[in-house]
Amino acid sequence: MHIDLNADVGEGVGDDEGVVPLVSSVNIACGFHAGNPLLMRSTVRLARQHGISVGAHPGFHDLEGFGRRDMQVGTAELESLVAYQIGALAAVAGAEGVRLSHVKPHGALYNMAARDMAMATAVARAVRAVDASLVLFGLSGSQLVAAAEGAGLQVASEVFADRGYQADGSLAPRGTAGALLTDTADVARRAVRMATGNGITCVDGTAIPVTADTICIHGDTTGAAALARAVRDALTAAGVEVAAPLRRLPR
């Protein structure tokens, strides 16, 4: 039994030095919602030093809102926006001798693509056009996962140990009760439960099943390194190996 443990990093916030060695994949901001070329390169270098898989973390062009504000973008523009960011990080990573392994959209783009098939399809098209061997991370059970599968991409269904869920399988909006979880013991228990196929308890008490290929720890959460350590230790104790998804030849 194995699962990927990923973190959103290179955003200029949080404890990247503490978090990166504890996960198996990192999603590096590509400059649109956070980050810049210098930070992108230093974060790639940090991941390389620890043998961690590197992926692109594209978002809306929204530095002021940290990419967490819904934006209305046409599908053609969205496809180019995502492709641009993947390409930028791929070039920076290449300068460090690193090849990208995956793509995970950020914030509002991630959540909107989880609900909207047209947006999800545009994201999947962008990933396939840049590099069809990249793994696309998407919210478990979402339209993004369906669009990626439809595009012939390898998919990693993602779950969140440190976020609350609504009964429909979506993430509870930030700022609402139970949306963000910071108790290390609780987060670790939830991670093991999801990784071993036992689903998740939502903010309203509903229990729902989830498919879990990768678990996210947000790098900007207070105490993120401690959360990552607690989750990794709990997974190991439960007999779950932490390992990045393996790329395969595209269909």
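Every number in this text was worked out from the coordinates using simple rules, so none of it is lab data. Note that the structure is a prediction, hence the values are computed from the model and not measured. For neighbour counting, all protein chains shown are included, and Cβ atoms are generated from backbone atoms with ideal geometry for every residue, glycine included.
The listed residues are Val73, Val44, and the only one of them that is of a type in the set (A, V, I, L, M) and either under 21 Å from Thr214 (Cα atoms) or in contact with an Asp or Glu (Cβ under 6 Å, 6 or more places away or on another chain) (or both) turns out to be Val44.
In the set Leu22, Leu38, only one residue is more than 18 Å from the chain's Cα centre (by Cα) and over 20 Å from Val130 (Cα atoms); that residue is Leu38. Taking the condition in contact (Cβ under 8 Å) with a residue 12 or more places away in the chain and either in contact with a Lys or Arg (Cβ under 8 Å, 6 or more places away or on another chain) or not in a loop (DSSP other than H, G, I, E, B) (or both), does Asp233 pass? Answer is yes for this residue.
Pull out all pairs, ordered by first then second residue, where Cβ-Cβ is under 7 Å, the residues are six or more apart or on different chains, the first lies in segment 145-172 and is within 26 Å of Thr222 (Cβ to Cβ), and the second is surrounded by fewer than 22 Cβ atoms within 10 Å (Cβ to Cβ) and polar (S, T, N, Q). From segment 145-172, the pairs are Leu171/Asn111; Ala172/Gln166. In this structure, Gly169 does not qualify as out of contact with any helix residue (DSSP H, G or I) (no Cβ under 6 Å at 6 or more places or on another chain), surrounded by fewer than 16 Cβ atoms within 10 Å (Cβ to Cβ) and assigned to a loop (DSSP other than H, G, I, E, B).
For every residue, the table says whether it meets (1) of a type in the set (Ser, Thr, Tyr); (2) within 17 Å of the chain's Cα centre (by Cα).
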site: Val54; (1), (2): no, yes
site: His57; (1), (2): no, yes
site: Phe60; (1), (2): no, yes
site: Val73; (1), (2): no, no
site: Leu78; (1), (2): no, no
site: Tyr84; (1), (2): yes, no
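Could you list all residues from segment 112-138 that are part of a helix (DSSP H, G or I), surrounded by fewer than 21 Cβ atoms within 10 Å (Cβ to Cβ) and out of contact with any Asp or Glu (no Cβ under 6 Å at 6 or more places or on another chain)? Selection gives Arg115, Met117, Ala118, Arg128, Ala129, Val130. For segment 197-251, the set of residues classified as surrounded by 15 or more Cβ atoms within 10 Å (Cβ to Cβ) and at positive phi consists of Gly199, Gly223, listed by residue number. For the residues Val19, Val54, Val26, the requirement of being more than 22 Å from Thr222 (Cβ to Cβ), of a type in the set (A, V, I, L, M) and crowded, with 24+ Cβ neighbours inside 10 Å singles out Val54.
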